[in-house]
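Undergrad: Below you will find the structure I want to go over with you.
The values are calculated or read from the model by the stated rules, or taken from the named source; none is laboratory data. These figures come from a predicted structure and were not determined experimentally. With ideal geometry, Cβ positions are generated from the backbone for all residues, glycine too; neighbour counts draw on all protein chains shown. Remember, those area values only see protein heavy atoms, side chains included, never the ligands or the DNA or RNA. Shrake-Rupley method; radii C 1.70, N 1.55, O 1.52, S 1.80 Å.
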Amino acid sequence: MSRRGWMLFALMSVLWGIPYLLIKVAVESVSVPMVVFTRTALGALILLPLAVRAGRLDLVRRHWRPLLVFTAVEILGPWALLSDAENRLTSSMTGLLIAAVPIIGVVLARLTGDAERLGPLRWAGLLVGLAGVGVLAGPHLGGGSAWAIGEVMLVAVGYAIAPMIATRRLQDLPSLHLAAFSLATAAVVYTGPAIATWPGAMPGGRVLAALITLGLVCTALAFIVFFELIREVGTSRGMVFTYVNPAVAVAAGVVLLGEPLTGTIIASFVLILGGSVLATARRAPAAAPAPLPDDATPTPEPDDSATAYASEPAMKPTPETP
């Protein structure tokens, strides 16, 4: 991977690793609808003009129904649930629970007709990852914490469903348009609730900085950097940063908010991340054909690399956004 690719990779790991910290700070003084509205409105303010300038708006009109469903399961529900959960959970714990998204995605893919067989390694990954979630959530399954954990797990389900919708129903829609119009739709939906819960006094500078950073840096800039990363290194390599985000979330919570770093958190981190890597591992490619004998003359084959590339199904890069 090029130096530029590594820089974009590191930047994405931070940009989608610190929102859990910023949400935790923001919900101290403003309502959940205000957090979601501010983030989506600022993100749409930057990305929507770029999408309009790029044209191809007919594709947005043609795909408006699956786009609305995608927006609901990726932003409308998850960002509100995530913000509400962080009223009771630490940011590091929230980030670790979200790390179970790849595991849930594998299960949902199988339940919805994915023909790829799950070998022993991937089944082991599912079980290890679920054990990690149990280790992390088990001691907190009581009172408000249980409700908050349930909210985060619903977020993880939404984040697992959204890429499936994008891949199966929104293949033709450019990623920039997908992000811009999803954010704009969410901002419109949350305008009313945000006005109804407008704070009586101006929030402090710390909270305002968190809200602005969430919208401009962790949403608008993050999507732009993400598109550049995918263009630079490809989807498969680019998506690996999702395994780094939880480590950033834990480190940020411990260092900047003084959240505890316990043996339980470390153990669950290893189990969840290890399980995610194993559960999403691809099967090894087929073995190369045996070499021809020295006296054999190989039959030349046409160069169909261009045809193979053109026929390869495209992947819609839609990682879980915190």
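Undergrad: What residue, among those in segment 72-104 that are open to solvent by less than 20 Å² (accessible area, probe 1.4 Å) and of a type outside the set (A, V, I, L, M, F, W, C), is farthest from the chain's Cα centre (by Cα)?
TA: Checking each candidate, the answer is GLU86.
Undergrad: So, THR219, is that one closer than 24 Å to ASP58 by Cβ, part of a helix (DSSP H, G or I) and touching a Lys or Arg at 6+ places or on another chain (Cβ under 6 Å) or not? Give the derivation first.
TA: Working: closer than 24 Å to ASP58 by Cβ: no; part of a helix (DSSP H, G or I): yes; touching a Lys or Arg at 6+ places or on another chain (Cβ under 6 Å): yes.
Spelling it out, it is not the case that THR219 is closer than 24 Å to ASP58 by Cβ, part of a helix (DSSP H, G or I) and touching a Lys or Arg at 6+ places or on another chain (Cβ under 6 Å).
Undergrad: Another question about this same structure. Which of the residues belonging to segment 186-200 are of a type outside the set (A, V, I, L, M), at pLDDT 95 or above and open to solvent by less than 40 Å² (accessible area, probe 1.4 Å)?
TA: Listed by number, the list holds a single entry, TYR190.
Undergrad: Could I ask something else about it? Quick check on segment 52-62. Is at least one of its residues open to solvent by less than 20 Å² (accessible area, probe 1.4 Å), at pLDDT 85 or above and on the phi < 0 side of the Ramachandran plot?
TA: Yes, the conditions are met somewhere in segment 52-62.
Undergrad: Scan segment 46-78 for residues that are touching a residue at least 60 places away in the same chain (Cβ under 8 Å) and not in a helix (DSSP H, G or I) and report the count.
TA: 2
Undergrad: Let me ask something else about it. Given the conditions (1) over 21 Å from LEU48 (Cβ atoms); (2) open to solvent by 30 Å² or more (accessible area, probe 1.4 Å); (3) not polar (S, T, N, Q), and given that PRO203 satisfies all but one, which numbered condition is not satisfied?
TA: It fails just one condition, (2).
Undergrad: Do the conditions hold for LEU221, that is, is it surrounded by fewer than 23 Cβ atoms within 10 Å (Cβ to Cβ), under 27 Å from PRO49 (Cα atoms) and among the hydrophobic types (A, V, I, L, M, F, W, C)?
TA: yes
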